[in-house]
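The values are calculated or read from the model by the stated rules, or taken from the named source; none is laboratory data. Please read all numbers here as calculations on a predicted model, not as lab measurements. FYI the Cβ positions are ideal-geometry reconstructions off the backbone, even for glycines, and counts take in every protein chain you see.
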Amino acid sequence: MPVRLGVNIDHVATIRQARGVHEPEPVAAALLAQSAGANGITVHLRADRRHIQDRDVKILKDVLAVPLNVECAATSEAMEAVIPIKPAWVTLVPETREELTTQGGLDVLFIHGHLRPIIRELHASEIRVSLFIDPHAEQVKMAAKLEVEAVEFNTGVYADVTPGSDPTPELSRLREASRLASKLGLKVLAGHGLNLQNVGPVAAIPEIEELNIGHAIIGRAILVGLDAAVREMSAAIAESIL
Ligand code: PXP
């Protein structure tokens, strides 16, 4: 099975919000990414609405043919905004206002009691749930106990290994956690900080079904166009598993 590519279009909205105008339109970007072969579109509806807005999510749900995955914090405010839109997936992520981007995975061991009713509410609306977690066995086991459909492993630590340092220990953690998650019946995704240079070894992990990639694709799109940037990333993923 080829690894699916979910394209995160948040930073198209970041550019729009920098001017408070209507362009560039993230919905147009999502449709372009979809026609370039993206298997899914991801957006992060942050509490501070610094990039993606509620109207973006609503329109995306109506116009996309591929599944829409909405990342958000595990809060009642986020649920009020997201559940009525009924995206195919919700990925629960940790969120703080100060961070530039998501820092680390959810500590599901610590907050499982808080997550349980939120997951139940999402399931009651027929929304599949993924938890963004670090690749640690205890986190995976708790995610399985919470009866979510998927986990997304945080590849941020792997991506931060400075060029020249050995990524093997972090890759081993990703491999072992992926094996365990799959054994426990969870769909396995991964993402954060992946780019054309570092995506290969992660895409080659057999249990990983989907990668969520944003910054590298949108950054590259500024130079070569979004169609080319999505196709390049799909090709890099496909090459890694040949
Ligand atoms: N997965 C999750 C849960 C994220 O929060 C993000 C960033 O929004 C990504 C994947 C994509 O990360 P990047 O933009 O570094 O590719």
Practice prompt. Please work out which one of (1) modelled with pLDDT under 95; (2) at negative phi is the condition Ile205 fails and give its number.
Written response: (1)
Practice prompt. Please specify each residue of region 196-220 satisfying the condition of being polar (S, T, N, Q) and either closer than 20 Å to Ala181 by Cα or within 11 Å of the ligand (Cβ to nearest atom) (or both).
Written response: Asn198, Asn212
Worksheet item: Ala33 versus (1) modelled with pLDDT of 95 or more; (2) farther than 30 Å from Arg231 by Cβ: which is the lone unmet condition?
Response: (2)
Practice prompt. Have a look at Glu152, Glu121 and point out the one that is within 10 Å of the ligand (Cβ to nearest atom) and either assigned to a helix (DSSP H, G or I) or not hydroxyl-bearing (Ser, Thr, Tyr) (or both).
Written response: Glu152
Response to the item:
Those residues of region 65-81 which are surrounded by 16 or more Cβ atoms within 10 Å (Cβ to Cβ) and in contact with a helix residue (DSSP H, G or I) (Cβ under 7 Å, 6 or more places away or on another chain) amount to Val66, Leu68, Val70, Cys72, Ala74, Met79, Ala81
Worksheet item: Among (1) within 15 Å of the ligand (Cβ to nearest atom); (2) within 17 Å of the chain's Cα centre (by Cα), where does Gln139 come up short?
Response: (2)
Discussion item. Checking the structure you have, find out if any residue of region 173-195 is among the charged types (D, E, K, R), more than 14 Å from the ligand (Cβ to nearest atom) and in a loop (DSSP other than H, G, I, E, B).
Written reply: no
Worksheet, complete the sentence: Of all helices (runs of 4 or more DSSP H) fully inside region 1-118, the set with 3 or more residues that are within 12 Å of the ligand (Cβ to nearest atom) is 10-19
Worksheet, complete the sentence: Residue hits (region 124-141; of a type in the set (Ser, Thr, Tyr) and either within 21 Å of His192 (Cβ to Cβ) or assigned to a strand (DSSP E or B) (or both)) are Ser130
Discussion item. Any residue that is part of a loop (DSSP other than H, G, I, E, B), of a type outside the set (Phe, Trp, Tyr) and farther than 22 Å from Leu68 by Cα - is there at least one of those in region 206-218?
Written reply: yes
Item to complete: Run down Ile59, Ile52 and say which single residue is touching a residue at least 24 places away in the same chain (Cβ under 8 Å) and either farther than 15 Å from Val12 by Cβ or out of contact with any Asp or Glu (no Cβ under 8 Å at 6 or more places or on another chain) (or both).
Response: Ile59
Worksheet item: In region 155-172, what residues are within 16 Å of the ligand (Cβ to nearest atom) and in a helix (DSSP H, G or I)?
Response: Gly156, Val157, Tyr158, Ala159, Asp160, Glu170
Worksheet entry | Neighbours by Cβ (under 7 Å, 6+ apart or cross-chain): first from region 30-42, over 14 Å from Asn212 (Cα atoms); second at pLDDT 95 or above and surrounded by 18 or more Cβ atoms within 10 Å (Cβ to Cβ) | Leu32/Leu226; Ala36/Leu226; Ala36/Val230
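Could you tell me which of the residues Ala18, Ala13 is within 17 Å of the chain's Cα centre (by Cα), of a type in the set (Gly, Ala, Ser) and modelled with pLDDT of 95 or more?
None of the others qualify; the one that does is Ala13.
One line per residue, one yes/no per condition, for (1) over 20 Å from Arg4 (Cα atoms); (2) among the aliphatic types (A, V, I, L, M); (3) out of contact with any His (no Cβ under 8 Å at 6 or more places or on another chain):
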position: Gln103; (1), (2), (3): yes, no, yes
position: Glu121; (1), (2), (3): yes, no, yes
position: His136; (1), (2), (3): yes, no, yes
position: Glu149; (1), (2), (3): no, no, yes
position: Asp166; (1), (2), (3): yes, no, yes
position: Leu174; (1), (2), (3): no, yes, yes
position: Ser182; (1), (2), (3): no, no, yes
position: Val188; (1), (2), (3): no, yes, yes
